[in-house]
Structure formats: structure tokens, C-alpha cells
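The structure appears right after this line, and notes come after that.
The values are calculated or read from the model by the stated rules, or taken from the named source; none is laboratory data. Because the structure is predicted, anything quoted here is derived from the model rather than measured. No Cβ is skipped: glycine too gets one built from the backbone with ideal geometry, and neighbour counts run over all protein chains shown.
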Amino acid sequence: LPSRQAPPPASSMGCAQSSSGQARRKSRQLDRERYGYAVDSDEEDLPKKPKSQQPLQLQKPEKQQKQSLANQQPEPEADQQLHPGRTRRVQIDSAIRVKYNVSSILHRTEHSNSLVLKAVHRDTHEPFALKLVPAARASRFRTELSAIRRARHPNIVRCVTHIETPRFLCLVLELATGDRLSQRLNERGRLPELQAAVYSAQLLDGLAHLHSFGCAHRNIRTENLLFYHVGPDSRLLIIDFACALLPDSPDSEALAPPGSSASETPEGVDGRPCGQPADIWAVGMVTVAMLTGRKSAPVRPGQPPLLPQSLSEPARQFLAACLRPDPADRPAAAEARRCAWLTAASAVTAPTAASQRSASSSSEARRAASQSGSSSRCSSSRLGDSQLSETGTELRSNSDSTCS
């Protein structure tokens, strides 16, 4: 019988295992240096290194990487335009820095390649919002500047002045501390019907002022509606006039800009000119987003989005009028503002002297406003006739059920 060999001592087994582990780790390190990855098989099973392949350069330590990046000079064309995807610091021209102290970035707009900064005036210490537009977009900047300088309305962002530099065109705007309507819908979901009617009325008030001097915004969406402050009673502001259309604009700008709300209208999808009726369609889409809490499905020509079943009849009439496929059939902004649904919401939420004294007098004022409005009817033939007293009752019942 073959003689049995005695097992090696425990100490020698540990040394053998440790030495084999070190050899395996060393082999893996060599594989990483040769081929870029570790291989556990034998040497003959390793893939052959192509002759044309250059030797792999080892990654520099983090300290050397930072030092090499610091020594690199910036690209000469990097500061000519704003790149939303980059995280580098934006070089502000001295003509802007001498008047304003820039503190932070508020918003980046990809479709117009612009940047909104928060700044404080060095002399008056008043906060402002600076919108920087690349100098390459000078033609569109002139249109945006002309539209926003002529607008004087509580529901439109106010432009104080503008600054032109060789690299940037700067709009100095009033600073609004509230969030955007899109952010509020993402955080809180759908709004009560009464609150959505109030915001739609404010939106139409601002659009009626713009349309009065022939301006069409053409990019009304929840991202371009900003609250003036964070309080629940904040007013809504229309911002971003980069896609605006004026009466003296060239015919080449009559078509809907790509990515704008006008491009989602039936006339925009068909490639027809888009003007003020496109804003009315956008008001209907924004109202649907407020009532559902999400952005509607992509629009097809002649097919407006589906409406929730829980809407009141006056709200359905308002949305049906705004979302008519033919632009000629849609009401004007001032006409849509006089519809029964919005008029009743304004009557319920309008502040009065009696409502400021006590809660009891506030309820009496609301009841008197609803009773006095029951005798009047909506004068718009396109929106349909409905009594304000009935609409006010439906609005109050819907808002109570939603909040409960």
C-alpha cells in the first residue's frame, strides 16, 4: 500500500494561500496594465494585443489631474455663447459687473440658449433678474425687447432696462421669488377648479394686454408662468418673450418656432402661420394641465386633449372654445376672459372692504356678489350663455369637494 503523506502544518498552508493570493492580485494588476481589464485565466488564454493598439496610459492621480486642468487655457469660442450642458463658470462682462453683483443662477433656457441670473444693484441694493442672451441671437433679442418694454401689466414680468455688450445682450427684469407653475403642479398635483379658474383669468388678462398692441407670445406653457412670490395669493406672471411676434415682424417669423407652444397647435403642426389664436389654444392646454396635474398628451390636428369627467359644464364650455381646431373660431383673449366660468371665479375671490373686516362680512359679500351676478349673462356668443349664479354655486361645490 502506498504510504500516506502527512498533511502540511497549518502555518505552511496559510503562507501558501497568502502567497498565491498575492500572486493572483499581482497577475490581475499586470493584466490591467496590459489590456485594460483583469483576466483570471492562464497566460495562454489571454487575448492577443493588437499591434496597432497604443500602450495603455495609466490614469493620473487626482492631484495631477486638477493641476493639469488648471494649467489649460479656456477655449477661445467657449465664452462667445452660453452652453447649458457645461458646468464651467460663466464670464460676465465688465459692463454688467460694474452695475450688478451677480450671486447665483436662477434658470437655464435651452431652446433660446439663454441664462437667468440673480443679481443685486451695487448702488441701490435692489434685487433683479438678469437674462443673458448670446449676441448671435441679436435679431430675436430686438423682438423680445420691443415686446417686453411695451408691456405694462401686473401679470407680465416688468423689464427695467437692458445692457448690450460684445458677447451678451442682457435684460434687467424684476425679480420674482415664487416658483413656476410647472414646479407647483409637480409638487402638489392638480389644482382645485376654482383656483385653476383664477389663474386662467390672470393669464388671459395679461394676454389681452399683449394682444391689444398686436403682440403674440406664442410660447404660453406652464414653464413660462411664474408666481411673483411663494404665498398662496401670489399673482401669475408671463415670462420669456423669445418667441414673440409683433406686427412689424418679418413674414419669415410668422411660422411657429420649433419647441414652442405654438408648434403644438393644429395650425403649427400643419406648417401654417401662428399668431394670437395660438395663445388661446395654449391657455386651454395650460388650464387642462392645472385641472389634471400633468401635461396633456401630444396634440394632433383637430384632436384636443381629453377632459376630466369631474369638470363642471361652464369649465367644459370654456375649454371647448379655447381648443377649437380652426384658429378663426377661437375667441379673442378679452372675449374669453368674459366667459361665465372665469367671471364667477373672479366674483368669488375678489377682495372687498367687507371681506377684510371680518369673516362674517366676507361670506355676506360673496353671497351678495353671486346673487348680483345671477341676473347677468356672458355676452360672448362663442362661449355660450350660462348664469353666473349657477356657475358660482358649481365652483364652490367643486372646490369644497376637491379640498375635502
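Can you name the residue in the range 322-333 that is within 26 Å of the chain's Cα centre (by Cα) and part of a helix (DSSP H, G or I) and is also surrounded by the fewest Cβ atoms within 10 Å (Cβ to Cβ) among such residues?
The qualifying residue surrounded by the fewest Cβ atoms within 10 Å (Cβ to Cβ) is Pro327.
List, please: which pairs have Cβ atoms under 8 Å, are six or more places apart or on different chains, and start with a residue in the range 233-254 that is on the phi > 0 side of the Ramachandran plot and end with one that is β-branched (Val, Ile, Thr) and part of a loop (DSSP other than H, G, I, E, B)?
none
Is it fair to say Ser182 is in a helix (DSSP H, G or I), within 24 Å of Pro247 (Cα to Cα) and in contact (Cβ under 8 Å) with a residue 24 or more places away in the chain? Give the derivation first.
Numbers: in a helix (DSSP H, G or I): yes; within 24 Å of Pro247 (Cα to Cα): no; in contact (Cβ under 8 Å) with a residue 24 or more places away in the chain: yes.
For Ser182, the condition - in a helix (DSSP H, G or I), within 24 Å of Pro247 (Cα to Cα) and in contact (Cβ under 8 Å) with a residue 24 or more places away in the chain - is not met.
Restricted to the range 202-227, and to residues that are among the small types (Gly, Ala, Ser) and on the phi < 0 side of the Ramachandran plot, which residue is surrounded by the fewest Cβ atoms within 10 Å (Cβ to Cβ)? Write out each step before concluding.
Going through the range 202-227, the residues among the small types (Gly, Ala, Ser) turn out to be 206, 208, 212, 214, 216.
Next, only the ones that are on the phi < 0 side of the Ramachandran plot stay: 206, 208, 212, 216.
On the way: Gly206: 24, Ala208: 18, Ser212: 13, Ala216: 24.
Selected residue: Ser212.
Say whether the condition of being modelled with pLDDT of 95 or more, in contact with a helix residue (DSSP H, G or I) (Cβ under 7 Å, 6 or more places away or on another chain) and either in a helix (DSSP H, G or I) or surrounded by fewer than 19 Cβ atoms within 10 Å (Cβ to Cβ) (or both) is met by at least one residue in the range 120-142.
no
Is it the case, given these coordinates, that Leu203 is assigned by TED's automatic domain parsing to the domain that holds Glu253, closer than 25 Å to Pro258 by Cα and in contact with an Asp or Glu (Cβ under 6 Å, 6 or more places away or on another chain)? Before you say what the answer is, go through the steps one by one.
Working: assigned by TED's automatic domain parsing to the domain that holds Glu253: yes; closer than 25 Å to Pro258 by Cα: yes; in contact with an Asp or Glu (Cβ under 6 Å, 6 or more places away or on another chain): no.
It is false that Leu203 is assigned by TED's automatic domain parsing to the domain that holds Glu253, closer than 25 Å to Pro258 by Cα and in contact with an Asp or Glu (Cβ under 6 Å, 6 or more places away or on another chain).
Does Ala151 satisfy being free of Cβ contacts under 8 Å to residues at least 60 places away in the same chain and small (Gly, Ala, Ser)?
On the way: free of Cβ contacts under 8 Å to residues at least 60 places away in the same chain: no; small (Gly, Ala, Ser): yes.
Here the answer is no, as Ala151 does not meet what is asked.
Given the condition under 18 Å from Phe141 (Cβ atoms), in a strand (DSSP E or B), out of contact with any Ser or Thr (no Cβ under 7 Å at 6 or more places or on another chain) and of a type outside the set (Val, Ile, Thr), answer yes or no: does some residue in the range 210-220 qualify?
Checked against the condition, which is being under 18 Å from Phe141 (Cβ atoms), in a strand (DSSP E or B), out of contact with any Ser or Thr (no Cβ under 7 Å at 6 or more places or on another chain) and of a type outside the set (Val, Ile, Thr), the range 210-220 yields at least one hit.
Got a number for residues in the range 143-174 being more than 12 Å from Ile238 (Cα to Cα), assigned to a loop (DSSP other than H, G, I, E, B) and modelled with pLDDT of 95 or more?
Number satisfying all stated conditions: 0.
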